[in-house]
Amino acid sequence: MALYQEQSLKLYNSMTGEKEVFTPINEGHIGMYVCGPTVYSNVHLGNCRTFISFDLVFRYLKHLGYKVRYVRNITDAGHLENDADSGEDRIAKKARLEQIEPMEVVQKYTVDFHNILQKFNNLPPSIEPTATGHIVEQIEIIKTILENGYAYEANGSVYFDVLKFNKDHAYGKLSGRAIEDMIANTRELTAQSDKRNPQDFALWKKAEPQHIMRWPSPWSDGFPGWHLECTVMSTKYLGEEFDIHGGGMDLKFPHHECEIAQGEAATGKSPVNYWLHANMLTLNGKKMAKSTGNFILPEQIFTGNNDILTKAFSPNVVRFFILQAHYRSILDFSSDALLGSEKGFNRLMEAYHSIVELPVSEKTGFNLAEWKQSCYDAMNDDFNSPILIAKLFDAVKTINNIREGSLQITEKDKKELKESMSSFMFDILGLVDVASENENDENKLAGTIDLLIQLRTEARNNKNFALSDQIRDQLQDLGIQLKDGKEGTTFSVK
Ligand code: AMP
Ligand code: ZN
């Protein structure tokens, strides 16, 4: 029996505003799409928080035994400066400023993105498609939306007709905005706009002569609207209806609202069953954002190279800090908060590593199964990582009590406690057991040096002193000192 059949997972669906029991479309399989980054600059810690939040979701679903297809896109075209339909393409702008090709910008920041997420121990998604790799599919879906009567062409651009769509389907249901309020709150169209109504959004934009990122289409040489790529790539890889769609809270409107409208206009079906939105990381109480300069880069935290920090913090500690808040709560970044997380993280790790040394007894004096289920209950309750971490600290207390002799544990339960903690901390929360990784590296180094010592002894036995001296000298250059004694050769590392 798969674990998901024993555990009842509930998740908060932003569409209904309620925690719902999770039931996938195909038993045992899950399709999950998460909006990826626009690769025009280094990811800041705010972006990372969202991707770590969905890494937690991905890890837990996998842990429960589901076969998860996780699609996270790379936005490498179509995202204009102001999130709406005007301004320069963010990537093209950066390329112009740095005098490089747009695809060089894309390459540079995609590599940076992967690098940083790897440091945070995020698992890679199953598919990572790009907008520029799906221009043909985007053109095809625009044709379908036009045929279905929910879009119109104007001067080589194609716009989604929000008012027409709203008559047949509701527009605004995810963000809870009424179309009347949207109309009342939007400014008048400017004279040069081709839109029929200010609420309409671009599916295809005709490129101005200076716009270098352009593709041919039936309407003009141009580029797709920002919202379209996610509709196309999610449905291409997960189907017209799929289980989970995630992203940061700031993408609810207009991005996700437009995705729903595009999907429904093209297929008549509602594309997503569960909408998950991660809340923002703030700095000085304000949303961390590239555009305002109110941000910190992960690399600055790992090196301590930023005035707001009192010291450097490891990716593990930063990840722990992020997971100490529920993904739907706002989290404020500060050096003090990180210090607190570091202390907690170290305490947790120390306790975990001390389990092997605990004395064992005939009986276990606490309910291990109940504790384990309480950890699952936390995760089943909309991925409540702070509660899970509180349960792990309960285990720390238990471990301390056993060490002090006020509580007892059997050999078998000791093993199970260690395995459970490991599974919650490393597999599900995605923390890294640095101590045992270091220990592993040390073992590998010792094994390699032993091998070299053996080869040197053989060389000496064969009177190949040139080779034996070379091994000794080159090891010495690397800070590894060999000492010959009666019992054989030993080594020390500087
Ligand atoms: P972008 O590259 O701007 O499209 O953003 C990539 C992801 O980061 C999106 O899911 C955003 O919602 C998310 N994001 C941006 N700023 C923050 C923040 N301050 N806190 C958490 N997530 C954020
Ligand atoms: Zn998206």
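The values are calculated or read from the model by the stated rules, or taken from the named source; none is laboratory data. Because the structure is predicted, anything quoted here is derived from the model rather than measured. Here the Cβ positions follow ideal geometry from the backbone for every residue, glycine too, while neighbour counts run over all protein chains shown. Please note that ligands, DNA and RNA were not included when accessible areas were found on the heavy atoms of the full protein model with its side chains. Shrake-Rupley method; radii C 1.70, N 1.55, O 1.52, S 1.80 Å.
Taking every protein chain into account, the accessible area of segment 3-278 amounts to 41 square angstrom per residue (probe 1.4 Å). A probe of 1.4 angstrom, applied to the heavy atoms of all protein chains, finds Phe201 with accessible area near 10 square angstrom. Residues Glu241, Glu362, Glu416, sorted by accessible area with the largest first, give Glu362, Glu241, Glu416 [1.4 Å probe; ligands and nucleic acids excluded].
When only Cα pairs under 8 Å and 6 or more residues apart are kept, what is the percent relative contact order across segment 3-278? Present the calculation step by step, with values, prior to reporting the outcome.
On the way: 450 pairs, mean separation 63.3, N = 276.
It rounds to 23 percent for segment 3-278.
3J(HN,Hα) couplings calculated from phi for segment 124-134 with the Karplus curve 6.51 cos²θ - 1.76 cosθ + 1.60 (θ = phi - 60°) are, in sequence order, x, x, 6, 9, 10, x, 10, 5, 5, x, 10 Hz; Gly and Pro show x. Near the amide H of Asp76, within less than 5 Å, lie the amide hydrogens of Ala131, Thr132, all on another chain or at least 5 residues away, with H placed in the peptide plane.
In the chain, the longest principal axis of the Cα atoms and the axis of helix 135-147 are about 40 degrees apart.
Restricting to Cα pairs below 8 Å that are 6+ residues apart, what does the relative contact order work out to for the chain? Please round to a whole percent. Don't skip to the end; give the middle numbers.
Values: 734 pairs, mean separation 76.7, N = 494.
Dividing the mean separation by the residue count of the chain yields 16 percent.
R0 = 22 Å: FRET efficiency of Leu445 with Glu487, Cβ-based, nearest 0.05?
Values: r = 21 Å, r/R0 = 0.95.
Between Leu445 and Glu487 the formula returns 0.60.
Couplings 3J(HN,Hα) of segment 179-186, computed from phi: 4, 4, 5, 4, 5, 5, 8, 8 Hz, in residue order, whole Hz [Karplus 6.51 cos²θ - 1.76 cosθ + 1.60, θ = phi - 60°; x for Gly and Pro]. When only alpha carbons are used to place a centre, segment 43-60 and segment 285-355 end up 13 Å from one another.
Within segment 141-188, which trypsin sites (Lys or Arg not before Pro) sit in a loop by DSSP and count at most 12 neighbouring Cβ atoms inside 10 Å? Intermediate results must be reported in sequence, preceding the final value.
On the way: sites: Lys143, Lys164, Lys167, Lys173, Arg177, Arg187; in loops: Lys173, Arg177, Arg187.
When the trypsin sites (Lys or Arg not before Pro) of segment 141-188 are filtered for loop state and at most 12 Cβ neighbours within 10 Å, Arg187 remain.
Residue pairs exceeding 32 angstrom between C-alpha atoms, taken from Lys67/Lys269; Lys10/Lys414; Lys415/Lys494; Lys10/Lys173; Lys252/Lys418; Lys119/Lys286: Lys415/Lys494; Lys252/Lys418. Only DSSP H runs of four or more residues enter the estimate; each adds -39500 (n - 2.57), and after division by the residues of the chain the mean residue ellipticity at 222 nm equals -14500 deg cm²/dmol. Close amide H partners of Val158, meaning residues 5 or more places away or on another chain with modelled amide H under 5 Å apart, are Leu203, Trp204, Lys205, Lys206.
When the surface is traced with a 1.4 Å probe over the full set of protein chains, Trp226 keeps roughly 30 Å² accessible. Within the chain, antiparallel bridges make up roughly 55 percent of the DSSP beta bridges whose residues both belong there. For segment 269-278, putting each phi into the Karplus relation 6.51 cos²θ - 1.76 cosθ + 1.60 with θ = phi - 60° gives couplings of 10, 7, x, 10, 7, 10, 9, 10, 10, 8 Hz, in residue order, rounded to whole numbers and with x for Gly and Pro.
Judged by the mean number of other Cβ atoms found within 10 Å, the most tightly packed of the peptides 449-462, 128-141 leads the ranking 128-141, 449-462.
Taking Cα atoms only, the orientation of helix 45-63 departs from the longest principal axis of the chain by about 70 degrees. Between the helical axis of 257-267 and the dominant principal axis of the chain, each derived from Cα atoms, what acute angle in degrees is found, rounded to the nearest 10? Tilt of helix 257-267: around 70 degrees.
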